[in-house]
Amino acid sequence: MTGTEQPHWREFITRAVAEGRLLQVTFSQPRRKDIEARKISIRPLKLKSGLHFQLERLQGNKAYHENVPENAAGERLTQLMGDYRQALFKTREADVQLLANKKGEVTMLRGNPTGKTNEPVTAHNRLKSYVLPEGEPVPFLIRLGVTTPEGRVVKAKYDKFRQINRFLEMVADVLPDLPRGRPLTVVDFGSGKSYLTFALYHMLAIREQLPVKIIGLDLKADVIAECSRLAEDLAWHNLTFSVGDIAEYEGESSVDMVVTLHACDTATDAALLKAISWNASVILSVPCCQHELFRQISQPTLKPLLKHGILKERFSALVTDALRANLLETAGYRTQMLEFIDLEHTPKNLLIRAVQGPAGENRTTVWNEYQRLRDFLGVSPYMEKELLKMNPRP
Ligand SMILES: C[S@@+](CC[C@H](N)C(=O)[O-])C[C@H]1O[C@@H](n2cnc3c(N)ncnc32)[C@H](O)[C@@H]1O
């Protein structure tokens, strides 16, 4: 660590809290004998009522917890510096150590960051970076082997843990778009081992206390049986799993949110079509293995690109998603393309987030643009054909 020209330590604390940069703080070495807690650890905690900072005081061999609202945290941390000789502030950019001498003068030392986060910080996402913080035991994560019973992330599952958190951040963003005042229905198409389905239930039913039922659907009977057992063990009665093909699913007549993550090829389109047919308020979709257009694309002008298999594959995937997004817009959704975390580090890392409501552009303009791109590339997407059967004039 090195001492450098820095803002005064009080200002540093106030700003680190206000700018959402704090990952963890530890106060140690009490200055006086009457201070009972030998150590205080603090971390941000997102609660229903907003961002808080959780103080954990170690007194003897017991830990006591207190949640301090974000707007009071700066002052509280500054006061604590009056009680302890040492504090370590882990921020996104640096580890900052505050050391108080006997006269109470505080020195700041700055070192490389060791706090765990891979999320870029912005004012927009800072409240959502801690949906499932490390170190907090959560029953479903323990049962799925993502964390230890103490809440420590299992090394081999770290990517999964990050993926779950990233997904939940995206869910948190659309909570205001879900209907309120009545029970909600959510379907996860192609739920597979269902890490994200369990995470979704945890967020909506347990954390947000929403009256929700979630159904996971997959072709694989053995995987579905295993997920059903886990939901029963957790006593999550409103989380159920069914075996079936997305395109043929008739289990629900009204669905508020459709999730489809890494369902293969046109299974994603089938899920999007189901969502449109239900007028679902929210759709979250991470497409995967877009083979359909790869086989169809034909455009001589693009020969320098299409003659390379790997480029053609990536290009086809991008075109598939662009056309899907346009079709969703013609069906009355606002769509966004977001970066998702894919475990295999392949280009399959786009999430299409669609929320019901008028898009920026008029539907006819979007439909015309769609047709121009479709015809330029000589493709005939399955999703369009099925959509036209549902609604002849998008
Ligand atoms: C790569 S896994 C993804 C699992 C999970 N959604 C995730 O992102 O972790 C894709 C899953 O989609 C299922 N799937 C593919 N096509 C399907 C279809 N037409 N109907 C139902 N499930 C399907 C597969 O069985 C598989 O379990």
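Each reported figure results from applying straightforward, stated rules to the coordinates on display, with no laboratory input. From a predicted model like this one, the values you see are computed outputs, not experimental measurements. A quick note on method: Cβ atoms are made from the backbone with ideal geometry, for glycine too, and the neighbour counts reach across all protein chains shown.
Rounded to the nearest 20 debye, the dipole magnitude of the chain is 1260 debye, with +1 charges on Lys and Arg beta carbons, -1 on Asp and Glu beta carbons, and the Cα centre as origin.
The string of couplings for segment 139-154 from the Karplus curve (6.51, -1.76, 1.60, θ = phi - 60°) is x, 5, 5, 5, 5, 7, x, 7, 10, 7, x, 7, x, 6, 6, 5 Hz, one whole number per residue in order, with x for Gly and Pro. In order along segment 375-384, the phi-based Karplus estimate (6.51 cos²θ - 1.76 cosθ + 1.60, θ = phi - 60°) of 3J(HN,Hα) comes to 6, 4, 8, x, 10, 9, x, 4, 4, 5 Hz; Gly and Pro are listed as x. When the pairs 160/312; 193/220; 33/103; 160/193 are compared against a 18 Å limit on Cα-Cα distance, 160/312 fall above it.
Restricting segment 49-120 to trypsin sites (Lys or Arg not before Pro) that sit in a DSSP loop and have at most 13 other Cβ atoms within 10 Å of their own Cβ leaves 102, 103. Looking at segment 1-84, the GluC sites (Glu not before Pro) that sit in a DSSP loop and have at most 16 other Cβ atoms within 10 Å of their own Cβ are 5, 19, 36. Within the straight-line cut-off of under 18 Å between alpha carbons, the aspartates and glutamates reachable from residue 102 are 34, 83, sequence neighbours fewer than 8 places apart in one chain being disregarded. Once you sort the root eigenvalues of the Cα gyration tensor of segment 9-111 as a ≥ b ≥ c, which label holds: rounded (a/c under 1.5), prolate (a/b larger than b/c) or oblate (the other case)? Taking the square roots of the gyration eigenvalues as a ≥ b ≥ c, segment 9-111 is oblate.
For residue 274, a cut-off of 14 angstrom between C-alpha atoms picks up these aspartates and glutamates, skipping any fewer than 8 places away in its own chain: 188, 245, 248, 250, 252, 256, 384, 386.
In terms of overall dimensions, the C-alpha atoms belonging to the chain reach 78, 50, 38 Å along their principal axes, ordered largest to smallest.
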